[in-house]
Amino acid sequence: MGIDYRELPFWDRPDLTPYLIHFTKNTLAEDEYSAYNNLVSILTTGEIYGSKKKGFIRGKDKATCFMDVPFNVLKYILNEENSNPDNPRYEPYGIFIEKRLAYKNGIRPVLYLSNEEITALGIPQSELWRVVRLEVKNNDWISWIHEREWRCKGNFKLPPKSKNRNRGTNGVGVLVKTYNDVTELQREIDQNPDDFNVAINSIIPLEVICQGLYI
């Protein structure tokens with residue numbers, strides 16, 4: 001017999017979390033959108049658009065990427081190295097979803113494989129979007145296993161809000177940087193409820209839950 005979702009050890013171990021996180025970042029060079037603007041765009045369109053960034057997503061297909069990291073340790077991800085304002089890998093804005101919602105909708109942990117293993121296992125081109133390179137030669141490492149990445153093929157549609165309801169019970173929440181961001185986003189939702197197509201459970205400021213946040 002299987003284990004009920006509520007019996008999984010998310011609540012007992014600090015290294016585990018019931019959530020997956022998708023961070024946004026600025027696209028100022030392309031459309032002048034900040035990371036916050038791109039977060040609002042996700043909440044209005046109801047969809048996270050998949051990436052085809054060269055060197056990160058293999059094969060011909062786009063993929064939507066999530067991170068399996070507890071909230072309280074995100075400050076180690078949002079560090080100086082990853083948060084160069086001119087070309088950030090991450091910024092402290094994003095969507096989080098419950099793993100049971102993610103799994104139900106086709107999101108799975110990536111496969112960490114070397115190029116040789118991809119060939120040996122016969123991974124087809126149509127499945128390369130789920131592979132992240134893990135290569136070790138002597139003292140040289142290519143490794144992203146610390147991200148604990150999950151992906152789905154193509155775009156990811158978030159559960160739509162019910163009619164006349166902005167708050168949801170669908171396991172979707174929002175991460176922002178500051179209390180001011182919480183106030184601003186809630187104001188936008190309250191003033192323009194018809195523009196937002198995702199019902200969220202909460203808006204959490206990372207400056208509060210991540211003591212020592214670099215950014």
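Just so you know, all these numbers are worked out from the coordinates, no wet-lab data involved. All values reported here derive from a predicted model rather than from experimental measurement. With ideal geometry, Cβ positions are generated from the backbone for all residues, glycine too; neighbour counts draw on all protein chains shown.
Please work out if Gly50 is buried (at least 16 other Cβ atoms within 10 Å of the Cβ) and at positive phi.
Values: buried (at least 16 other Cβ atoms within 10 Å of the Cβ): yes; at positive phi: no.
No; evaluated as a whole, the condition is false for this residue.
May I ask you to list the residues in segment 101-127 that are within 19 Å of the chain's Cα centre (by Cα) and farther than 22 Å from Thr45 by Cα?
Correct list: Arg108, Pro109, Val110, Leu111, Tyr112.
Could you check, for segment 134-155, whether at least one of its residues is among the β-branched types (Val, Ile, Thr) and buried (at least 20 other Cβ atoms within 10 Å of the Cβ)? Show your work before the answer.
So the first thing to find is which residues in segment 134-155 are among the β-branched types (Val, Ile, Thr), and the list is 136, 142, 145.
So of that shortlist, the ones also buried (at least 20 other Cβ atoms within 10 Å of the Cβ) come out as none.
No, that holds for no residue.
Here are Gly212, Gly171: which of them is crowded, with 16+ Cβ neighbours inside 10 Å and at positive phi? Please lay out each step first, then the result.
Numbers: Gly212 fails: crowded, with 16+ Cβ neighbours inside 10 Å.
One residue alone meets the criteria, Gly171.
Taking into account only those residues within segment 53-84 that are among the aromatic types (Phe, Trp, Tyr) and within 23 Å of Asn115 (Cα to Cα), which is surrounded by the fewest Cβ atoms within 10 Å (Cβ to Cβ)? Explain how you work it out, then say what you get.
Kept after step one, since they are among the aromatic types (Phe, Trp, Tyr), are these residues of segment 53-84: 56, 66, 71, 76.
Pick out the ones that are also within 23 Å of Asn115 (Cα to Cα) and you get 56, 66.
Details: Phe56: 13, Phe66: 28.
Checked segment 53-84; the qualifying residue surrounded by the fewest Cβ atoms within 10 Å (Cβ to Cβ) is Phe56.
What are the pairs, 6+ residues apart or on separate chains, where a residue within segment 68-97 that is under 16 Å from Leu28 (Cα atoms) has its Cβ under 6 Å from a residue that is aromatic (Phe, Trp, Tyr)?
If the second residue must be aromatic (Phe, Trp, Tyr), the pairs left are Tyr90/Phe23; Tyr93/Tyr36.
Would you confirm whether any residue within segment 85-101 is buried (at least 16 other Cβ atoms within 10 Å of the Cβ) and polar (S, T, N, Q)?
There is no residue in segment 85-101 that is buried (at least 16 other Cβ atoms within 10 Å of the Cβ) and polar (S, T, N, Q).
Please specify each residue of segment 17-47 satisfying the condition of being surrounded by 15 or more Cβ atoms within 10 Å (Cβ to Cβ) and aliphatic (A, V, I, L, M).
Matches in segment 17-47: Leu20, Ile21, Ala35, Leu39, Val40, Ile42, Leu43.
Looking only at segment 190-206, how many residues end up being surrounded by 18 or more Cβ atoms within 10 Å (Cβ to Cβ) and over 20 Å from Leu20 (Cβ atoms)? First the steps, then the outcome.
Of segment 190-206, the ones surrounded by 18 or more Cβ atoms within 10 Å (Cβ to Cβ) are 196, 198-200, 205-206.
So of that shortlist, the ones also over 20 Å from Leu20 (Cβ atoms) come out as 196.
Total meeting the criteria: 1.
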